[in-house]
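Quick notes on the structure that follows.
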């Protein structure tokens, strides 16, 4: 009987931990006089889309906390969550973070998990600077360029007209239809870039790198993983190929290895 009771207790605990309490919130900020949006976020997914007809920044935020009841969410938010959208001079700042020091011990001494999922809409003209902790990231339809610092999780960028600069820890990178130059400092994970209007520089630790339809030049410093380059209008320079196969096709300029 004791064993049955113990396993029933484990089952009930596992069942309660499997469900997550949620809280939804919407933030808005007029974009008049704003030139850029800076996003500082921790754990959770991030979706950002530019829209030509918008005159404000709109944020839908969903706080998800595993292992607590819905009634406990307001107290959790008050003590551990920062969620703000403010104007500072010519820039807007969106902050979405959860205190790393929060301690909600479970029956077995394990901490609860929490994240904030963000869905952001903004005028296409605003430049973007993003510091993202963990979770997948998707950014599309921007006319003024992007600077991204990403910890972990896959990243997808589509239809960015300006320069893109990425400093990435881990996770795959997918880029398509980038109008300006691309600079990538990557720790681990695959890199896929299709259709770039400028020069491309990649400093990669590990993972496969594929570059297609590049109108500028390409420069790569690679640790490990295959390299595939297909379609470059100018020169290709491989400073370091590391380990992995290298395949280069359809280059109009010079190839240096």
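Report yes if residue 141 is on the phi > 0 side of the Ramachandran plot, surrounded by fewer than 18 Cβ atoms within 10 Å (Cβ to Cβ) and in contact (Cβ under 8 Å) with a residue 12 or more places away in the chain, otherwise no.
Details: on the phi > 0 side of the Ramachandran plot: yes; surrounded by fewer than 18 Cβ atoms within 10 Å (Cβ to Cβ): yes; in contact (Cβ under 8 Å) with a residue 12 or more places away in the chain: yes.
Here the answer is yes, as residue 141 does meet what is asked.
In region 34-57, is there at least one residue being buried (at least 18 other Cβ atoms within 10 Å of the Cβ) and modelled with pLDDT under 90?
No, every residue in region 34-57 fails to be buried (at least 18 other Cβ atoms within 10 Å of the Cβ) and modelled with pLDDT under 90.
Go through (1) within 28 Å of residue 156 (Cα to Cα); (2) at pLDDT below 95; (3) surrounded by 13 or more Cβ atoms within 10 Å (Cβ to Cβ) one by one and return the number of the condition residue 80 breaks.
All conditions pass for residue 80, except number (1).
Please specify each residue of region 184-200 satisfying the condition of being within 19 Å of the chain's Cα centre (by Cα), under 24 Å from residue 127 (Cβ atoms) and surrounded by 18 or more Cβ atoms within 10 Å (Cβ to Cβ).
Of everything in region 184-200, those that are within 19 Å of the chain's Cα centre (by Cα), under 24 Å from residue 127 (Cβ atoms) and surrounded by 18 or more Cβ atoms within 10 Å (Cβ to Cβ) turn out to be 184, 186, 191, 193.
Yes/no matrix, rows are residues, columns are (1) at pLDDT below 95; (2) part of a loop (DSSP other than H, G, I, E, B); (3) farther than 30 Å from residue 212 by Cα:
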site	(1), (2), (3)
95	no, no, yes
119	no, no, no
180	no, yes, no
187	yes, no, no
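Which residue pairs have Cβ atoms closer than 8 Å, lie 6 or more positions apart in sequence or on different chains, and pair a first residue in region 162-191 that is without any contact (Cβ under 8 Å) to a residue 12 or more places away in the chain and in the same structural domain as residue 227 (by TED's automatic domain parsing) with a second residue that is part of a loop (DSSP other than H, G, I, E, B) and surrounded by 18 or more Cβ atoms within 10 Å (Cβ to Cβ)?
Every condition considered, no pair remains.
Picking from 117, 132, which residue would you name as being touching a residue at least 60 places away in the same chain (Cβ under 8 Å), at negative phi and buried (at least 21 other Cβ atoms within 10 Å of the Cβ)? Give the steps one after another, and end with the answer.
On the way: 117 fails: buried (at least 21 other Cβ atoms within 10 Å of the Cβ).
Result: 132 is the single residue among 117, 132 that is touching a residue at least 60 places away in the same chain (Cβ under 8 Å), at negative phi and buried (at least 21 other Cβ atoms within 10 Å of the Cβ).
The values are calculated or read from the model by the stated rules, or taken from the named source; none is laboratory data. On a predicted model such as this, the values are computed, not experimentally measured, just so you know. Because the Cβ atoms are built from the backbone with ideal geometry, glycine has one as well, and the counts that use them run over all protein chains shown.
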